[in-house]
1. Counting only residues that are of a type outside the set (A, V, I, L, M) and within 11 Å of Arg101 (Cα to Cα), how many does the range 157-175 have?
2. Consider the range 144-172. How many of its residues are closer than 22 Å to Thr26 by Cα, open to solvent by 50 Å² or more (accessible area, probe 1.4 Å) and outside any strand (DSSP E or B)?
3. Condition test on Ala175, is it open to solvent by less than 50 Å² (accessible area, probe 1.4 Å), assigned to a loop (DSSP other than H, G, I, E, B) and at pLDDT 90 or above?
4. Within the range 55-85, track down each residue that is in a strand (DSSP E or B) and crowded, with 19+ Cβ neighbours inside 10 Å.
5. I'm checking my understanding of the structure. Among residues of the range 46-89 that are of a type in the set (Gly, Ala, Ser) and in contact with a strand residue (DSSP E or B) (Cβ under 9 Å, 6 or more places away or on another chain), which one is nearest to Ala105 (Cα to Cα)?
6. It is to be established whether one or more residues within the range 22-40 are modelled with pLDDT under 95 and assigned to a helix (DSSP H, G or I).
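The values are calculated or read from the model by the stated rules, or taken from the named source; none is laboratory data. Just so it is clear, the structure is predicted and the values come from calculations on it, not from any experiment. Virtual Cβ from ideal backbone geometry, glycine too; neighbours counted across all protein chains shown. Please note that ligands, DNA and RNA were not included when accessible areas were found on the heavy atoms of the full protein model with its side chains. Shrake-Rupley method; radii C 1.70, N 1.55, O 1.52, S 1.80 Å.
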Amino acid sequence: LARLTQILTRMTEAARLEQGLSDVETERFDLVPVIAGCVDGYRLAYPQADLHLDSVDTPVMIQGAPDLMAQMLDKLVANAVEFAHGARIDMRLEVVADAVRLAVANVGPRLPEGMRERLFESMVSVRAGGDADTPHLGLGLHIVRVIAKFHGGTARADNRADAEGVEITVTLPLALRVES
């Protein structure tokens, strides 16, 4: 009964998010303090994790919803923590041309061939084995892609070139400058 309740709760979260996006009001905001604040919270929530943030020190203005950005990063970090097993997790926020790139990379198993795109589909997971008391529905990265698309961006998964592990990258457009 507890497992079924967890499954229903997680599926409801994803469905509500997708349905509720049409009602979300957006604003122009600086992504840097949102990400930095979230990372400070993750250091408390995941004391076993070795979290590192490399961020720009100038404002990065995007059009969107700060709460959704925090929810998206929650999913990315929770996923990285689960696979990293205490190894270093690198987060990077950088501006590239007219976009901002947020990457979360962890040491751990590499992605199997053919899973890079499927990983963002609902109900898809690459976890081996698993805990029978904690069902995994593969909704976290699906939610990441839904939020990225809402903000006009993309999400992708790649195997790290420098080590065993994976890097998830979200690319979002910068907000248009408002002339005064």
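1. Filtering the range 157-175 for residues of a type outside the set (A, V, I, L, M) gives 158-160, 162, 164-165, 167, 169, 171, 173.
Pick out the ones that are also within 11 Å of Arg101 (Cα to Cα) and you get 169, 171, 173.
So the count comes out to 3.
2. Number of matching residues: 3.
3. Working: open to solvent by less than 50 Å² (accessible area, probe 1.4 Å): yes; assigned to a loop (DSSP other than H, G, I, E, B): yes; at pLDDT 90 or above: yes.
Yes.
4. First, pick out the residues of the range 55-85 that are in a strand (DSSP E or B): 55, 61-64.
Across the range 55-85, the qualifying residues are Ile62, Gly64.
5. Just the residues of the range 46-89 that are of a type in the set (Gly, Ala, Ser), to begin with: 49, 55, 64-65, 70, 78, 80, 84, 86-87.
Filter again for in contact with a strand residue (DSSP E or B) (Cβ under 9 Å, 6 or more places away or on another chain), leaving 49, 55, 64-65, 80, 84, 86-87.
On the way: Ala49: 13, Ser55: 14, Gly64: 24, Ala65: 24, Ala80: 7, Ala84: 9, Gly86: 13, Ala87: 11 Å.
Going through the qualifying residues, I end up with Ala80.
6. Scanning the range 22-40, I find at least one residue that is modelled with pLDDT under 95 and assigned to a helix (DSSP H, G or I), so the answer is yes.
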